[in-house]
Amino acid sequence: MNPVTISALAALAGSTIGGLTSLAASWLSQRVEFQSQQQARDLSRREELYKDFIEEASRLFADAYENDQAKVSNLVDLYALVSRMVVLSSPRIVESADEVVRVILATYQAPNKSIRDVEEILDHQGLNPLRSFSIACREELRGLGRGGRALAEDRR
């Protein structure tokens, strides 16, 4: 082979390798950016879902203290939120949400409470059925903020 041909082939090979490297770097950077955007959307969706559940459960829990008759239509909204969690969240979150629903149902079945009863319950820390749910949500959301590794481990 003559030196001109070798030189031309070397230039062509270098150009091809450089182009492929640039293409691979671009593809990888786009992929990482897409995954970051997906994680941010997922985090935002979960935050909104957990906020809606906490608000609805708090409202129903307060209603259960004052009433002994639950309206099924109100409970359906709460169960719909739990069902969305089954799709989006870890089993620990779903279990905590189910426990909150059970506490609300039990509170409806119990006698109505007066403000004195509420003060007594406060002294025994029994008025916050959402505490363990909130803690589980915080831990999961923090895990998602670190790249979603904690959630992937929870689902195994």
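Residues that are modelled with pLDDT of 90 or more and in contact with a helix residue (DSSP H, G or I) (Cβ under 9 Å, 6 or more places away or on another chain): does region 113-132 have at least one? It would help to see each step written out before you state the result.
Looking only at region 113-132, we keep the residues that are modelled with pLDDT of 90 or more, and these are none.
No, region 113-132 has no match at all.
Mind checking which residues of region 36-77 are assigned to a helix (DSSP H, G or I) and in contact with a Phe, Trp or Tyr (Cβ under 6 Å, 6 or more places away or on another chain)?
Of the residues in region 36-77, the ones assigned to a helix (DSSP H, G or I) are 36-66, 72-77.
Selection gives 64 alone.
Could you list, in sequence order, the residues of region 56-98 that are under 17 Å from the mean Cα position of the chain (by Cα), free of Cβ contacts under 8 Å to residues at least 24 places away in the same chain and more than 16 Å from residue 130 (Cα to Cα)?
80, 83, 86, 87
For region 40-63, which positions are within 17 Å of residue 87 (Cβ to Cβ) and of a type in the set (S, T, N, Q)?
44
Give me the pairs, please: first residue somewhere in region 15-42 and farther than 27 Å from residue 145 by Cα, second residue anywhere and assigned to a helix (DSSP H, G or I) and small (Gly, Ala, Ser), beta-carbon distance under 9 Å, and either six or more positions apart or on two chains.
none
If we scan region 82-103, do we find a residue that is part of a helix (DSSP H, G or I) and over 30 Å from residue 39 (Cα atoms)?
Scanning region 82-103 turns up at least one residue that is part of a helix (DSSP H, G or I) and over 30 Å from residue 39 (Cα atoms).
Checking residue 143 against (1) modelled with pLDDT of 90 or more; (2) under 30 Å from residue 35 (Cβ atoms): exactly one of these is not met. Which one?
Answer for residue 143: the failing condition is (1).
The values are calculated or read from the model by the stated rules, or taken from the named source; none is laboratory data. Since we're looking at a predicted model, the values are computed, not measured. Methodologically, a virtual Cβ is constructed for each residue, glycine included, from the backbone with ideal geometry; neighbour enumeration extends over all protein chains shown.
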